[in-house]
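The values are calculated or read from the model by the stated rules, or taken from the named source; none is laboratory data. The structure displayed is predicted, hence computed values, not measured ones. Every residue, glycine as well, gets a Cβ built from its backbone with ideal geometry; the counts of neighbours run over all protein chains shown.
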Amino acid sequence: MGVTREPATQIKPFIKSKGINYLIAIGNGAGYETRGIPHAWLIDTKGSIVWEGHPASLKDPQIEALVKDYRPWPTLKLGGDLRKASAYVNGGRLGDGIKELTKFLKKPKDDTLVDDAEKALKRLEEFGANNLAEAEEAVKKGDYDVVVTNLNLLQKAYKGHDHATKAKARLKELEKDKTTKLEMAAAEIFIKAQKYADIGENRYAMAYLRKITRVKKYADTKMKAKAVVLYEDVSTRP
């Protein structure tokens, strides 16, 4: 994606004239300053900047090594009897998409779409399973913002599916432990702060982070340590 400070009225003709086919964001690009263009930043799957410089000097093997564990949000481009399933999935309703694909595969009217439907179903099932596994790994590491994000996503996106049921049950189980429940409460605040930091609203991000770093009950949490790091980063941004 590209980032510009130019207004849409000026950037649209430029995009058209240059044949740009990737996402262009309009904003202040807080945290991404450069003295010359073109200048690129490579962000890993954890949201950290792992490389920056002239894009011509960045090679494919570098990118592949750094984003090898990236799992993009599933999208489908299927027509015919699978058009409805595609619409559900692309709208974030993965559980409904699975229902449609499963329904189709029980009595397929078009055999030419069976292979595509099976592959799509497998992909959606694996995406949910991987998010559950990632949440469990995050519990071990104390990355409770990842835990909360993944389990909430699964409950919403896979509504009516087993993945959502498992996510809901896991959240309830984690909240039975007082220490973990406190970590997750701090994680909810941290997630809000991170969202503001991502769009350059640093003042609001710091306000949320102070709710973790300056409140006594969060003093011994692992989320406080993460909040301190983010606060130091955000506080130095222009």
Self-check item: For I37: the one exception among (1) assigned to a helix (DSSP H, G or I); (2) farther than 21 Å from H163 by Cβ
Solution: (1)
Exercise. Tell me, please, whether a residue that is outside any helix (DSSP H, G or I) and surrounded by 13 or more Cβ atoms within 10 Å (Cβ to Cβ) can be found in segment 111-118.
Key: no
Exercise. Search segment 158-187 for residues that are farther than 13 Å from A135 by Cβ and pair each with any residue that is among the acidic types (D, E) when their beta-carbon atoms are under 6 Å apart and the residues are at least 6 apart or on different chains.
Key: K181/E175
Quiz item: So which residues in segment 125-137 are more than 23 Å from G97 (Cα to Cα) and under 15 Å from the mean Cα position of the chain (by Cα)?
Solution: none
Self-check item: Filter result for the condition that a residue is crowded, with 20+ Cβ neighbours inside 10 Å and more than 24 Å from K140 (Cβ to Cβ), over Y196, Y204, Y208
Solution: Y208
Quiz item: Among the residues of segment 176-214, which ones are among the aliphatic types (A, V, I, L, M) and within 18 Å of V148 (Cβ to Cβ)?
Solution: L182, M184, A185, A186, A187, I189, I191, A193, A197, A205, L209, I212
Self-check item: Any pair with Cβ under 7 angstrom, 6 or more apart, that starts in segment 108-128 at a residue that is within 17 Å of Y88 (Cα to Cα) and ends at one that is assigned to a helix (DSSP H, G or I) and among the hydroxyl-bearing types (S, T, Y)
Solution: L121/T102
Practice problem: Taking E33 as the residue in question, decide whether it is more than 24 Å from A138 (Cα to Cα), modelled with pLDDT of 80 or more, surrounded by fewer than 12 Cβ atoms within 10 Å (Cβ to Cβ) and not assigned by TED's automatic domain parsing to the domain that holds G128. | Solution: no
Exercise. Would you be able to say whether some residue in segment 144-162 is surrounded by 15 or more Cβ atoms within 10 Å (Cβ to Cβ), modelled with pLDDT under 95, farther than 23 Å from L94 by Cβ and not polar (S, T, N, Q)?
Key: no
Exercise. Of the numbered conditions (1) at pLDDT 85 or above; (2) closer than 27 Å to V146 by Cβ; (3) touching a helix residue (DSSP H, G or I) at 6+ places or on another chain (Cβ under 8 Å), I24 fails exactly one; give the number of that condition.
Key: (2)
Quiz item: Does D96 satisfy the criteria of being in a helix (DSSP H, G or I), at pLDDT 95 or above, among the charged types (D, E, K, R) and over 30 Å from P38 (Cα atoms)?
Solution: yes
Quiz item: How many residues does segment 83-98 contain that are buried (at least 23 other Cβ atoms within 10 Å of the Cβ) and either among the hydrophobic types (A, V, I, L, M, F, W, C) or more than 20 Å from the chain's Cα centre (by Cα) (or both)?
Solution: 4
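T165 - would you say it is under 23 Å from P72 (Cα atoms), surrounded by 13 or more Cβ atoms within 10 Å (Cβ to Cβ) and at pLDDT below 95?
no
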Practice problem: Tell me which of these K168 doesn't satisfy, since it passes every other one: (1) in contact with a Lys or Arg (Cβ under 9 Å, 6 or more places away or on another chain); (2) more than 30 Å from T236 (Cα to Cα). | Solution: (1)
Quiz prompt | Looking only at segment 215-238, and only at residues there that are among the hydrophobic types (A, V, I, L, M, F, W, C) and over 15 Å from D145 (Cα atoms), the one that is surrounded by the most Cβ atoms within 10 Å (Cβ to Cβ) | solution = V234
